[in-house]
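What follows is a short report on a single structure.
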Amino acid sequence: MGIKLTLIRQPTVPLEAEVLCPDTLADCSADEIAQLTIYHGKRQLPLSDFFEIEGEKSDEIEIHGDLKKVRWIGRGMSRGRLKIQGDVGMHLGAYMRDGLIEVKGDAGDWIGAEMKKGTIRIDGNAGGQIGAAYRGSRRGMRGGLIHVTGSAGLEVGMRMRRGIIVIGGSTRDFTGLQMKGGTILLGEGAEIRTGAWMNRGTIISLKALEVMPTFGIAIRQFTPPFMPLLAKALVSEGITLPENKSFDLYNGDLAVPGRGELLVLSS
Amino acid sequence: MGGKVTCTLGEVKQRADFIIYWGGNPAECHPRHFSKYTLMQKSKFLPKGRKDRTMVLVDIRETKSVKASDIFLQVRPGKDFELITILRALVKEQQVTDEQIEETGLSREALNDLVSRMKAAKFGCMFFGMGLSMTRGKHMNSAALLTLAAEMNAFTKFVAMPMRGHGNVTGADVIMRWQTGFPFGISFNRGYPRYNPGEFSTIDVLVRGDCDAAFIIGADPGGTMPQPAINHLKRIPTIVLDPHITHTSKLARVHITTAAQGIAAPGTAYRMDEIPMPLKPALKSPYPSDEEVVRRINEAIAKKPFWLPEGSMPQMVTEQV
Amino acid sequence: MSPTASKSDTPLQVIDNATCTFCGCVCDDIQLHHDEMRIHKAKKACVLGSAWFLNHTAEKKYPSALIDGKEATVDEAIEEAARLLHEADMPLVYGMSNTTCEAQKECAALADSLGGLLDSHTSL
Amino acid sequence: MLRITGGKVYDPANKIDGQIKDLNIDADGKFSDGQCDSRTIDATGMIVMPGGVDVHTHVAGGAINFARAMTPEDHRRTQAFIRTKTRRSGLGGMAPTTFATGYLYAGMGWTTVNEAAVPVLSARHTHEELADIPIVDKSTLTLMANNEIMLDQMEAGEYERARDVVAWYIWAAKSYGVKAVNPGGVAAWKWGGDARNLSSPIEGYNKLTPGTIVTQLARICDDLGLPHPMHLHCNDLGAPGNIKTTLDTLKHLEGSRAHIAHSQYHAYGGDGWETICSATAELAEYFNSHPNITTDAGAVIFGDTVTITADGPWQHLLYKLTGRKWGNLDVENETGCGIVPYTYRPSNLVNAVQWACGLELLLLIQSPWQVFLSTDHPNGGCFWRYPEIIKLLMSRDFRDECIKKLPSNIKNKIVLPEIAREYTLMDVATSMSAGPARALGLKQKGNLGTGCDGDVVIYDQEDDPGEMFAHPRYVIKAGEVIIDDGEIREAPDGREYIAKPFYDPATNDFMRPLFEDCYTMQFENYPVEIERVHGASIHDCKNDQDS
């Protein structure tokens, strides 16, 4: 039996609730959970002011409601599972170290920012800076998987070092900006400046997209040898890759100069 | 990440033999920039003044500044970032194809010429305006130019500087940096400064409806911001300080008329190169200064109960759980 | 010259090396000729700077303060502003372009003491 | 106002070495003979020292403010000072905010700081920032050694003109003294070059050498009667084998007073990064035989920091070596500065040598009146890590433990393992307070004698000196209890010390056309108005050598 939290009062300003995290809740009784501090703007309030709480002492957590204004859920979580029914706000699973976050709804910006391990699944759309580095940091996500079935915003995977980001839909500008490693898979392509200033790492697009002028074509109609491996790794996450497709391989960004790979499905 | 390599305007006046204006129209927006700081001045290093300097203008359209330039490069709208990134590659002698270059609206010859002039310069300076920093790509467009300038130092002396408009916006930047560590986009809701443009920057905050009161000073968002942002300002209590009744005053709960800075109010303003200048007001205003009114609001708030409950200590938001 | 040039015989007062804050150049070599009510001449200023200096006067053109659109005293408006800001859960302090550093410092102190948001034109 | 009884007092200026002594501070915040019947602190069993004085730090002005903007990642993880009803919030870390700077210095018992590098153009800005650093008293040094107007006078052999120009600048900047950085080198950097040889003319000049600048500027500071001698950052900072340049520079001082900044960065042997080794023994020997010069260590501590210096050429090299962010800011006619984040690692041989060199100088220079505690904050490490250095100085065992973590090929490159000396509490009190106060010419600081400023730090005696110095029991500033048991109680404004040297009144007319040639602001608007300096305390210089 896990813990179920239901939003009972709509925040009027952002509600910062990093305590909504298995690591914190797993050791708390129902009363202790009710008394955990959350921040409604600058006001420090008990969790029970905004949430109805059922269950205690578990790292299996379900949260229900329109959580668009609720930020920092699952910050730094290292275990357990967070299931969210409804839209959720910024910084979901930021600095995550392990465990699973599942969202049925849309998510905000900065999900999985600087995460190290674990899985985030969004059954919906997400905002920008997914798996990205926070301002000034040298590295974004360092491991784990982020899967968004819908579309996503700007700077997806900015400065990521390792790990996988899968976006079912399309992304906006600067996907894989200054990427240092890892893999980004784009189901429906991206707007512009994909892979700008990337150093290493791989961006795979299953749809044609605008390639930066500072990427050179390396091979046309190429079947990447690692695709079956990637497909196998993703199958367990419920993601199926099209088989036996060939791609155009671009290298860049020459401005850095970097050795990143951009694979675009051959037309 | 790159960072920022810059100088004061006097350095440009004395030394810059190669000047690029990118996405700005100084002839109309900063009318004395050419004559006072960059093109027209003679110095001991550049005794012939204008004749000793080369000026390149990069913009999406011909403006009045073209007349002052030696070379005008018309970049296709929305291609500034691509063009700067190509230049970064060309500077490092990386291969970029003709077709790729032409997508920016410019020819290989033009870019080769630009790169060789940049490398041959003794002291190069790039100024960039809102045509670069406020168009698609925004901060990344500025970062691109700053990075190009930093990288040029492998070949010769090069610096870059934003052409800040809007009066004393530079002063706000500088002061926020020393008081909070960050230049803008700050939240104190945990009792200490946090920074995240996009999260705490005003347009985003207003469009998402993230604040429940607004204090507006020395700006008129009611006349300049997108409609959803203005709608939120109408919904919440808004307070305006301004020498005039502005668009924002008209939607505000409170307006206080103040003396205009530098005309009727004394103080300091920072130049775009972060040099502070003393203000010498000529007129005596019937209105109080911004400084006085905000200080009195601070004093009135100090008399009310402090928002952090006694003995409470808000947690920092960090990587540590 | 401005059509509203001083008609009185008293000569205009002159301020040397005045600073123009209209744009980021912040030129500090302007010579202002004024009669305490308005500036009649801004020597060395550019078109934008001249317009900036000549368009402001020391006249009382606007009410001192407005609360909900009605005229109020500055004292009342300050009290009301303090009350509204103090009540808010997430107040925003924004702008700070056309104002002095001294006022900007007070604004940073305001956001700090309120526990609110602080932002300038730079974020646009 | 305040009475401190029963403590073991370490007051080097008055040769009090651990004796039990009561202290009285009067209503003006000064030590007095008379007893006052007010608050008494029972310091029985505790250690009492004069408040710390930092002779060389970078806490305010364009450069550190540039560094703040460049390091948001550090601000996120660092110590935050939470807003209270009366006290501003702040952030510590590599480049702390102004408010936090005051809290952090006071928090470890330092009550006076000297901001060691102020370009005149940014002096107005620096004073505004200093006004926002609470608690501590402050002074500033103006950057002179690359000022082209002054260099032109020296080139022309116009010594007296050069002296008047220096004095004019000090008063225009409302500063306390002269800082010379990489003489001639920054001027050359403006064209992308450097000046590494004391006797070759610098770029753009026919005769003028860095050596001449050093000699003449040191003499100017003495002739003007400035309370603090020329504060010199030598040429060739950080380069292997630079000991030759440093010793050559010292010889150019010709008996003048001088303070050599962060000498750790100037004490290397070898001829490349592979062969770099400590040359501190040679340098220390020179100091030991020349009591007219003082220095601060510029010690390196392992960990993250951000490096800031007016030495633009060195910063460009560091940027190329590390590939990290780089900021650079050249200031017209005067100077420049570079900013690069940096991590000192014990596993890195060069860093290990640097770490050892700082400690070696502090230990090999015999008199603690000549060598002072500093990290050249934030360059070698952040000032709030001074207690770690004190621990290294006080405990040979702890040093040996740390040396074990260095690369094995460090042997024969450093002399630290052979040094047996351990600092006494008296040595610490001299090196962190009495010595730097005397070098700065601040007679009322670093001294618990009657009439001096009531700045005191009181420690619970602990076995671990690192812990003891990091967490004073009380910190008292001008008789006011600022820190009590780790809590900040008060955050009053500090004072600012300014020197007023004499110059020929005709200097104004002489400067005007030269000024208008190279600057972009009006001559009249340039000098900082005295009203803008908060808590200004003016030192009138005796200029007896002036005719």
Quiz prompt | Candidates B:Pro278, B:Pro286, filtered to the one that is assigned to a loop (DSSP other than H, G, I, E, B), facing chain C (nearest Cβ under 8 Å) and more than 21 Å from D:Arg88 (Cα to Cα) | solution = B:Pro286
Quiz item: Would the range B:12-22 turn up any residue that is within 9 Å of chain D (Cβ to nearest Cβ) and either within 18 Å of the chain's Cα centre (by Cα) or over 20 Å from B:Lys157 (Cα atoms) (or both)?
Solution: no
Self-check item: Check on B:Ala16, over 29 Å from A:Met212 (Cβ atoms), in the same structural domain as B:Ala110 (by TED's automatic domain parsing), among the small types (Gly, Ala, Ser) and buried (at least 22 other Cβ atoms within 10 Å of the Cβ)
Solution: yes
Practice problem: Name, by its number, the condition in (1) modelled with pLDDT under 95; (2) more than 29 Å from D:Trp384 (Cβ to Cβ); (3) surrounded by fewer than 17 Cβ atoms within 10 Å (Cβ to Cβ) that does not hold for D:His534. | Solution: (2)
Quiz item: Taking the range D:58-95 as the region of interest, how many residues are out of contact with any helix residue (DSSP H, G or I) (no Cβ under 6 Å at 6 or more places or on another chain), more than 7 Å from chain B (Cβ to nearest Cβ) and not in a helix (DSSP H, G or I)?
Solution: 6
Quiz prompt | Top-ranked residue of the range C:1-25 - restricted to ones that are in contact with a Lys or Arg (Cβ under 8 Å, 6 or more places away or on another chain) and at pLDDT 95 or above, ranked as farthest from B:Pro278 (Cα to Cα) | solution = C:Ile15
Quiz prompt | Single condition D:Pro240 does not satisfy, out of (1) within 14 Å of chain B (Cβ to nearest Cβ); (2) surrounded by fewer than 24 Cβ atoms within 10 Å (Cβ to Cβ) | solution = (1)
Quiz prompt | Matching option when the condition is over 19 Å from B:Cys7 (Cβ atoms) and in a helix (DSSP H, G or I), among B:Leu148, B:Leu114 | solution = B:Leu114
Self-check item: Subset of the range B:199-222 (residues that are in a helix (DSSP H, G or I) and either under 23 Å from the mean Cα position of the chain (by Cα) or within 7 Å of another protein chain (Cβ to nearest Cβ) (or both))
Solution: B:Thr202, B:Ile203, B:Asp204, B:Val205, B:Leu206, B:Val207, B:Pro221, B:Gly222
Self-check item: strands (runs of 3 or more DSSP E) contained entirely in the range A:147-228, each with at least 3 residues that are out of contact with any His (no Cβ under 6 Å at 6 or more places or on another chain) and more than 25 Å from B:Thr104 (Cβ to Cβ)
Solution: A:162-167, A:183-186, A:216-222
Quiz item: Can you list the strands (runs of 3 or more DSSP E) found entirely within the range A:3-106 that contain at least 3 residues being in contact (Cβ under 8 Å) with a residue 40 or more places away in the chain and over 17 Å from the mean Cα position of the chain (by Cα)?
Solution: A:3-7, A:51-54, A:60-64
Self-check item: Evaluation of B:Met313 against (1) surrounded by 16 or more Cβ atoms within 10 Å (Cβ to Cβ); (2) at pLDDT below 95 (one fails), failing number
Solution: (1)
Exercise. Determine whether B:Asp113 is of a type outside the set (A, V, I, L, M) and in contact with a helix residue (DSSP H, G or I) (Cβ under 8 Å, 6 or more places away or on another chain).
Key: no
Exercise. Evaluate the following for B:Ala172: is it surrounded by 24 or more Cβ atoms within 10 Å (Cβ to Cβ) and farther than 25 Å from B:Thr54 by Cβ?
Key: yes
Quiz item: How many residues are facing chain B (nearest Cβ under 8 Å) and within 16 Å of B:Leu283 (Cβ to Cβ) if we restrict to the range C:10-21?
Solution: 6
Exercise. Those residues that are facing chain B (nearest Cβ under 7 Å) and among the hydroxyl-bearing types (Ser, Thr, Tyr), I need them from the range C:40-56; list them, please.
Key: none
Self-check item: Wholly within the range D:241-348, strands (runs of 3 or more DSSP E) carrying at least 3 residues that are modelled with pLDDT of 95 or more
Solution: D:258-260, D:293-296
Quiz item: Residue check, B:Glu292 against (1) acidic (Asp, Glu); (2) loosely packed, with under 15 Cβ neighbours inside 10 Å; (3) part of a helix (DSSP H, G or I), all met but one. Which one?
Solution: (2)
Practice problem: Being touching a strand residue (DSSP E or B) at 6+ places or on another chain (Cβ under 9 Å), more than 9 Å from chain B (Cβ to nearest Cβ) and not aliphatic (A, V, I, L, M) is the filter; apply it to the range A:211-226 and report the residue that is surrounded by the fewest Cβ atoms within 10 Å (Cβ to Cβ). | Solution: A:Gln221
Quiz item: Pairs, please: C-beta under 8 Å, at least 6 apart or cross-chain, first residue at positive phi and surrounded by 22 or more Cβ atoms within 10 Å (Cβ to Cβ) and in the range D:252-279, second modelled with pLDDT under 95 and in a strand (DSSP E or B)?
Solution: D:His262/D:His233
Quiz item: Is it the case that some residue within the range B:141-160 is charged (D, E, K, R), under 18 Å from A:Thr214 (Cα atoms), surrounded by fewer than 24 Cβ atoms within 10 Å (Cβ to Cβ) and facing another protein chain (nearest Cβ under 10 Å)?
Solution: yes
Quiz item: Just wondering, is there one or more residues in the range D:503-518 that are in a loop (DSSP other than H, G, I, E, B), within 12 Å of chain C (Cβ to nearest Cβ) and either crowded, with 19+ Cβ neighbours inside 10 Å or out of contact with any Gly (no Cβ under 9 Å at 6 or more places or on another chain) (or both)?
Solution: no
Quiz prompt | Matching residues in the range A:194-210 - criterion: being surrounded by fewer than 24 Cβ atoms within 10 Å (Cβ to Cβ) and not small (Gly, Ala, Ser) | solution = A:Asn199, A:Arg200, A:Thr202, A:Ile204, A:Leu206, A:Lys207, A:Leu209, A:Glu210
Quiz item: modelled with pLDDT of 95 or more, within 15 Å of D:Ile301 (Cβ to Cβ) and not in a helix (DSSP H, G or I) - does that describe any residue in the range D:383-399?
Solution: no
Quiz prompt | the range B:223-260: number of residues that are assigned to a loop (DSSP other than H, G, I, E, B) and either crowded, with 18+ Cβ neighbours inside 10 Å or of a type in the set (D, E, K, R) (or both) | solution = 10
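The values are calculated or read from the model by the stated rules, or taken from the named source; none is laboratory data. Values in this document were obtained by computation on a predicted structure and should not be read as measured data. Here Cβ is always computed from backbone atoms with ideal geometry, including for glycine, and neighbour counts include all displayed protein chains.
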